[in-house]
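Since the structure comes first, as structure tokens, the remarks are kept for the end.
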Amino acid sequence: MEIFTIGFTKKRAIDFFGLLKKYGIKRLIDIRLHNSSQLAGFTRHEDLKFFLKEICGADYIHEPLLAPTEEMLKKYKNDNSWAEYEQEFADLLSQRKIEEKLRKDLFDIPTVLLCSEPTPEHCHRRLVADYLKDKWDDEIKITHL
């Protein structure tokens, strides 16, 4: 099984969809808490759903179970402590038991987790992928686009 991740910030639509096509992505799981903001540009949920189908032949799923809480986001923006946020988010995933609630077969086709951060180092999409790898199977390959 392979889990892909991608962020849209600092990417042009041509680059974003080009990466999805290059890696054969057929399903995108949007793990953002807020997916309809004007700041999301071409990744606002309704637009993204259309573009994915038309450009990549891919499906769109919004999965807030994999998003941080509003309180966690506000706290992180205020104190900017990644280590604390990382631990709180890992605890949240564990409390939510995402490894039991998320279907493994969602990843039977090339599937990407979407968030906003341009790189995975300080983004919850990496934390979700790492958590699932740990809980489901150490053989899962994670590829950050």
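We did not get these values from a lab; they are worked out from the coordinates using the rules stated. Source: prediction; values computed, not measured. As a convention, Cβ positions derive from the backbone with ideal geometry for all residues, glycine included, and neighbour counts pool all protein chains shown.
Brief remarks on what is shown
- Put a plus charge on the Cβ of each Lys and Arg, a minus charge on the Cβ of each Asp and Glu, and nothing anywhere else: the dipole of segment 2-144 about its Cα centre is then about 580 debye.
- Taking 0.36 nm per residue of separation and subtracting the current Cα-Cα distance, fully stretching the chain between residue 45 and residue 97 would add 16.2 nm.
- Cα-based shape type of the chain, given that a ≥ b ≥ c are square roots of the gyration tensor eigenvalues and the cut on a/c is 1.5: oblate
- Listed pairs 77/141; 53/133; 11/77; 104/135; 22/141; 11/133 exceeding 19 Å between Cα atoms: 77/141; 53/133; 11/77; 11/133
- With the simple spin-label model, which puts each label point 7 Å out from Cα in the Cβ direction, the residue 37 to residue 70 separation comes to 1.4 nm.
- Amide hydrogen proximity for residue 30: with H placed 1.01 Å from N in the peptide plane, the residues at 5 or more positions away or on another chain lying under 5 Å are 61, 62, 63, 114.
- Residue-normalised convex hull volume from the C-alpha trace of segment 37-123: 119 Å³ per residue.
- Selection among 51, 93, 66 by position relative to the dipole of the chain gives 51 as farthest towards the positive end (Cβ unit charges, Cα centre).
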